[in-house]
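**Q** This structure is in C-alpha cells; I'll ask about it shortly.
The values are calculated or read from the model by the stated rules, or taken from the named source; none is laboratory data. Owing to the predicted nature of the structure, the values given are computational and were not obtained by experimental measurement. Note: ideal-geometry Cβ built from the backbone for every residue, glycine included; neighbour counts use all protein chains shown.
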Amino acid sequence: MKRSLVFWMWNAPLDKALIRQQIREMHEKHIGGFFIHPMPSEFRAADFPGGMPGYLSDEYFQMVRYAAECAAECGMDAWLYDEGGWPSGTVNGELMAQHPEYRGVNIAKIEERQNPLIAEKFDYFYVPCFFIEGVKVHEGVPTLEKVENALKIAAEV
C-alpha cells in the first residue's frame, strides 16, 4: 500500500518536542513521510517571520537530522526539499552576496540520457560533480564550501 508524502513547511519556531509531536501526528494519520520545506526568515521575512534556526546553520542541520531520526522510528520517509530562496540551489542568495564575482560563472547541467555523447566525456558517478574546463573539481555531496570552491576556480578561468 502506498502512503502519501506531504510538504512540511518549517516556517515557525520549532524545537525537538514539537518536531517529534508533529511527526507522530502525521504518522497517526497514515502519512508515509514528508518533505521538510524550510522557509527561512531571510527568504521572505514578512511572510515567514523568524523562529527557524539560521538557514544552513549547525542548529538547522541538527533539527533536520532529528526529524529524520524521528521519521525512521515511525517507519516514515523524510526528505529535505531545499528551495529556500527560490530558484533551487541558490543557498538563499548567501554565496552570491559574499562573492558577486561568481554571478558571471556559466553553469551547464548535462542530462546524460539526453546528451550521452557529452556525458561520455566525463568521469563521474551518479552523484553531483563539478567540472571546470573538462577537469573534475568535485564529486559528491555539494556543501556550501565545495560549491564556493568550484565557483572560485571557475571565476579564475
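**Q** Go through (1) closer than 13 Å to Phe7 by Cα; (2) hydrophobic (A, V, I, L, M, F, W, C); (3) at pLDDT 80 or above; (4) out of contact with any Lys or Arg (no Cβ under 9 Å at 6 or more places or on another chain) and name the single condition Ala68 misses.
**A** The one condition Ala68 does not meet is (1).
**Q** Here's another thing I want to ask about it. Please work out which one of (1) acidic (Asp, Glu); (2) surrounded by 13 or more Cβ atoms within 10 Å (Cβ to Cβ); (3) at pLDDT 95 or above is the condition Asp82 fails and give its number.
**A** (3)
**Q** Could I ask something else about it? Kindly check whether there is at least one residue in segment 24-46 that is farther than 27 Å from Leu151 by Cα and at pLDDT below 85.
**A** Checked against the condition, which is being farther than 27 Å from Leu151 by Cα and at pLDDT below 85, segment 24-46 yields at least one hit.
**Q** Specify which of the listed residues (Gly89, Gly54, Gly75) is out of contact with any Lys or Arg (no Cβ under 6 Å at 6 or more places or on another chain), outside any helix (DSSP H, G or I), at pLDDT 75 or above and surrounded by fewer than 16 Cβ atoms within 10 Å (Cβ to Cβ).
**A** Exactly one residue qualifies, and that residue is Gly75.
**Q** What's the number of the only condition in (1) modelled with pLDDT of 70 or more; (2) touching a strand residue (DSSP E or B) at 6+ places or on another chain (Cβ under 6 Å) that Gly140 fails to meet?
**A** (2)
For every residue, the table says whether it meets (1) modelled with pLDDT under 80; (2) out of contact with any helix residue (DSSP H, G or I) (no Cβ under 6 Å at 6 or more places or on another chain); (3) not aliphatic (A, V, I, L, M).
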residue	(1), (2), (3)
Gln98	no, yes, yes
Ala108	yes, yes, no
Tyr126	yes, yes, yes
Cys129	yes, yes, yes
Ala154	no, yes, no
